[in-house]
Amino acid sequence: MTRHNPPEIRPDSRSARWHTTLLGCLTAATLLLLTACSISYKFTGTNINYDIIKTLQIDNIPNRAPYGWAPMEAMLNNRLQDLYANQTRLRMVKRGGDMHISGEIVGYDQFNKSVSADGFSSQVQLRMTVNIRFENKKANQRWERQFSSTAPYDAKLQLSAVQETIVTEMVRDIADQIFNATVADW
C-alpha cells in the first residue's frame, strides 16, 4: 500500500508579500494609535504659577471669638502652615509675601441641633467661624471671606470630653476650605 502525501500548498509570492505588508501596516497603525492617543493626566492640586508667585506670608490667626478653646488657635495656624508647606512649592516668609493670608477666629458657638421626645436636647452642634483676608499681589487679587465648619455631638456628653476631636475635624475642614479658595484648581 502506498501512502499518498497530500499536495503541498505553497503560498504564492504575491499573497505572502501582501500578508506581510498588511501585518506591518497593522502593527505600525497600532503603534501610531497608542502613541497618538495616549492620555496624560496631571493633578497638582493647585493653580499657582511658580515662575511668578514664589512666597507666601501667613500671619498668625488669633482667636477673637467671645468664647473659645485655647488650643484651637495654635491648631488652626499649624494646620494652615503645614497644608501650604506640604502641598505647594511656596516659600514661607514673615513679611512681604507674593501671597498673604491673615484673619481671625470670630466664632466658636454651640447650639441645640435636635430635641428628643422628652423635650431635652439630644444633639448639640458646635460651630467654628474664621474670617480670612487674602491677597495675591502678583495677580492683583484681594478678598475677605468667612469660613465655617460645624460638627454635632451627643448632648449627654460634656463638651470637654469631645472638644479636641471635634475641633481637630473643624480645623481640618476650615483649613482645606481656605486652601481651596486661595490656590486650588477647582
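The values are calculated or read from the model by the stated rules, or taken from the named source; none is laboratory data. Source: prediction; values computed, not measured. All Cβ positions, glycine included, derive from the backbone under ideal geometry; neighbour counts span all protein chains shown.
Show the residue pairs that are 6+ apart or on different chains and have beta-carbon atoms under 7 Å apart, the first residue being within the range 48-73 and farther than 30 Å from residue 158 by Cα and among the β-branched types (Val, Ile, Thr), the second being outside any loop (DSSP other than H, G, I, E, B) and modelled with pLDDT under 95.
Partner pairs satisfying both residue conditions: 48/183.
Before we move on, is residue 87 touching a residue at least 60 places away in the same chain (Cβ under 8 Å) and surrounded by fewer than 19 Cβ atoms within 10 Å (Cβ to Cβ)?
So residue 87 passes the test.
Against the definition (of a type outside the set (Gly, Ala, Ser), surrounded by 18 or more Cβ atoms within 10 Å (Cβ to Cβ), in contact with a Phe, Trp or Tyr (Cβ under 6 Å, 6 or more places away or on another chain) and closer than 14 Å to residue 167 by Cα), how does residue 67 come out, yes or no?
no
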